[in-house]
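Inspection log for the structure reproduced underneath, given as structure tokens.
Derivation of every value follows stated rules applied to the coordinates shown; laboratory data play no part. Remember, predicted model here, so these are calculated numbers, not experimental data. Here the Cβ positions follow ideal geometry from the backbone for every residue, glycine too, while neighbour counts run over all protein chains shown.
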Amino acid sequence: MEQLLVRLGTQHHEPVQWLVYSDTEQEVIASGELPNAGELSTLTERAGQRPVIVLAPASEILLTWVTLPPRAGRKVLGAIPYMLEDELASDISEQFFALGPRQGDEQAVAVVSREQLRRWQQWMQDADMYCDTIIPDVLAVPVETGSWSLLQIGQDLLLREDIWKGLQGEESWILPAFAHLAKQQPEPVRLKNYSDLAVAGLPNVQAEQAVLELPMQVLAAQAIHSKVNLLQGEFKVKRKRTGLWEVWRLPLILLAVVLVTSLIDKSVSLYQLNQQNAALSAKIDAAVKTGFPDIGVYRDVRRKINSEMARLEHSGGDASMLVMLEQLTPAFKASQVRPQTLRFDAARTEIRMQAIGQNFEALEQFRRQAESAGFTVEQGAINNQDNSVIGNVSIRSQS
């Protein structure tokens, strides 16, 4: 994964070091130095979709530890500014307190001016670069237990003592300060030197020369995996949408609209089909009950009708209802009489129906045709209805 590392100065006019580093390949892609923060915009294209990490000068940040009461909760952490109030020269309301690692009851705290922190953020925003991580530069210097580390970058020296302590400043005072501290120690101080400075002559110091690499490369290898971040609480940056999302956002929105529209259309069509199916089912039920008044309750209409037809076909001996209806077909056709209801009495071998015809003559013609086919026909009451006549007819087989 490639990342852009930027080391800012305290003031806008100070030089800015930068480096594009591949953590996967552990190699430098590109690096350089800008004359001031106003030139950060020239890195916007290099930043691209790469995460951006900012290193801030540790000279502007107080790295300290606070001893907390046992089992301290969130409320105690909120009181940390007041615990450090006596150690700060300025009003605590003007300072921001970022939490670092915790070791038992010891809580690491980084104190930085709110104004300075906003200034660093503003420089990055003016360059249109998204940055959600700011690390004190001295905490990106490699460190080993029981050993100090020294690195030179530009005109500054970074001297790291342990996981949460170090100095950053000009060589003219950093080396003398370190030499003074080393003299006070009962045992020789181990120092790993990541620079080409001659430190072997410092009193009470055991210097070890590290492999010389680009200073920003040394810092990048540590900063990428660091969990330290000054941008907490009110300064925490919301995750920015990636460029890939920006490119595909409109097509994806349009696709979502099309899908929703299609689903709505399908839902409407399905609703209409369900309504039509319900209406058709009602018509089928009405027709079945008209033809088979005594059919009773059923679930599968096709199976029930087949069952009823089989029952009718095998009832009444040789003169089943189906056989009688088949023999009466010419009479129905000639007279254009239609049955509205049908009932079959298997014991009497008799069909009782409510028949509808165009006029009285139609019913009479049906009677004559049925009798000529060998049936006994008895007509009941006949009534007019609109432009038709309806009559009750009983047809009994003579066989």
Practice item. Kindly write out, for region 80-93 in residue order, the coupling ³J(HN,Hα) from the Karplus curve 6.51 cos²θ - 1.76 cosθ + 1.60 (θ = phi - 60°), rounded to whole Hz, with x marking Gly and Pro. Key: 4, x, 6, 5, 9, 4, 6, 8, 9, 7, 9, 5, 5, 5
Practice item. Using just the helices of the chain, give the 222 nm mean residue ellipticity in deg cm²/dmol: DSSP H runs with n ≥ 4 each add -39,500 (n - 2.57), and the total is spread over all residues, rounded to 500. Key: -11000 deg cm²/dmol
Review point. If packing is taken as the mean number of other Cβ atoms within 10 Å per residue, what is the order of 325-331, 44-50, 262-268, highest first?
Key: 325-331, 44-50, 262-268
Exercise for review: Kindly point out which whole DSSP H helices in the chain project their C-alpha atoms 24 angstrom or further along the helix axis while averaging a Kyte-Doolittle hydropathy of -0.5 or above.
Suggested key: 243-291
Revision key, fill the gap. Simple spin-label estimate for D86/E33, 7 Å along Cα→Cβ, in nm, reads 4.3
Practice item. Read through the labelled values (1) 21.1, 63; (2) 48.8, 141; (3) 20.1, 64 and report the label of the one computed as Rg and Dmax of the Cα atoms in Å from the structure. Key: (2)
Study note, to complete from the structure: Put in order of increasing Cβ neighbours within 10 Å, starting from the fewest, L68, L280, L139, L322 give L280, L322, L68, L139
Review point. From the backbone phi of region 8-14, what are the Karplus-calculated ³J(HN,Hα) couplings (6.51 cos²θ - 1.76 cosθ + 1.60, θ = phi - 60°) in whole Hz, Gly and Pro given as x?
Key: 8, x, 6, 10, 4, 7, 7
